[in-house]
Amino acid sequence: MAYRSTERVKARLTASRERIVAAAIGILAEAGYAGCSVAAVAERAGVATGSVYRHFPAKAELFAEVFRTASQREVDAVARAAARESTAAARIRAVVETFSGRALRSPRLAYALLAEPVDPAVEAQRLVFRRAHAALLAGYIADGVAGGELPPQDPELTSTAVVGALAEALVGPLAAGVAGPDTIGGLTTFIHRALGVSP
């Protein structure tokens with residue numbers, strides 16, 4: 001009986017933690033880090049402020065977890081889109097279109113993930129996020145080089161440059177909340193040229 005009781009308590013705590021993180025992501029998508037206070041998160045999650053601190057002793061810890069969760073969703077979405085393609089050029093296009101398209105559909109959240117000034121603990125997670133995207137892209141580039149679709153190049157260096165270019169190119173439109181109709185197409189063309197994809 002004690003075992004079942006312990007399992008119920010664990011499940012309740014896990015559900016509470018997930019509700020807190022989901023509430024914080026919702027606020028982040030609306031108001032960015034600047035508008036995401038612990039009190040606002042607690043209110044949206046339907047818990048006391050003390051409950052938030054029970055799960056996350058410091059605000060930076062909460063935001064680091066929020067960043068990890070939100071950014072992993074983005075990496076997973078990009079990976080799913082690229083996995084549906086069979087050539088390096090198509091996979092790279094899927095990466096650019098998915099990364100950029102999702103960012104432009106949720107500009108406040110994307111700006112928070114890519115560029116908004118944050119606590120050093122969250123900044124460390126931002127670096128992990130960029131590295132995860134670069135590692136994914138490096139695999140597609142390496143496959144393209146091995147299969148003769150792409151010219152010889154250093155996949156890790158190139159993929160890091162591509163992720164940096166994508167993020168930098170999107171910061172302005174995300175901050176302004178608007179993007180031109182050719183933004184994604186233009187980025188795809190630029191990245192294909194940079195990687196040596198045959199026209």
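The values are calculated or read from the model by the stated rules, or taken from the named source; none is laboratory data. Here the structure is a predicted model, which is why all the values come from computation and not from measurement. Because the Cβ atoms are built from the backbone with ideal geometry, glycine has one as well, and the counts that use them run over all protein chains shown. When the accessible area is computed, the model is the full protein with side chains, heavy atoms only, and any ligands, DNA or RNA have been set aside. Shrake-Rupley method; radii C 1.70, N 1.55, O 1.52, S 1.80 Å.
Observations on the model:
- Selection of first residues in the stretch 161-183 that are closer than 17 Å to residue 71 by Cα and free of Cβ contacts under 8 Å to residues at least 40 places away in the same chain and of second residues that are open to solvent by 50 Å² or more (accessible area, probe 1.4 Å) and aromatic (Phe, Trp, Tyr), restricted to Cβ pairs under 9 Å at least 6 apart or on distinct chains, gives an empty result.
- Of the helices (runs of 4 or more DSSP H) contained entirely in the stretch 1-107, those carrying at least 3 residues that are more than 30 Å from residue 120 (Cβ to Cβ) fall at 2-31, 59-83, 88-105.
- Checking each residue in the stretch 170-199 for being closer than 15 Å to residue 158 by Cα and in a loop (DSSP other than H, G, I, E, B) picks out 196, 197.
- Against the test of being aliphatic (A, V, I, L, M), modelled with pLDDT of 90 or more, open to solvent by 30 Å² or more (accessible area, probe 1.4 Å) and in contact with a Pro (Cβ under 9 Å, 6 or more places away or on another chain), the options 103, 142, 138, 132 yield a single qualifying residue, 142.
- When restricted to residues that are in a helix (DSSP H, G or I) and either on the phi > 0 side of the Ramachandran plot or surrounded by fewer than 18 Cβ atoms within 10 Å (Cβ to Cβ) (or both), the stretch 109-123 contains 3.
- Qualifying residue in the stretch 155-166 (condition: among the hydroxyl-bearing types (Ser, Thr, Tyr), at pLDDT below 90 and either under 30 Å from residue 34 (Cα atoms) or over 17 Å from the mean Cα position of the chain (by Cα) (or both)): no
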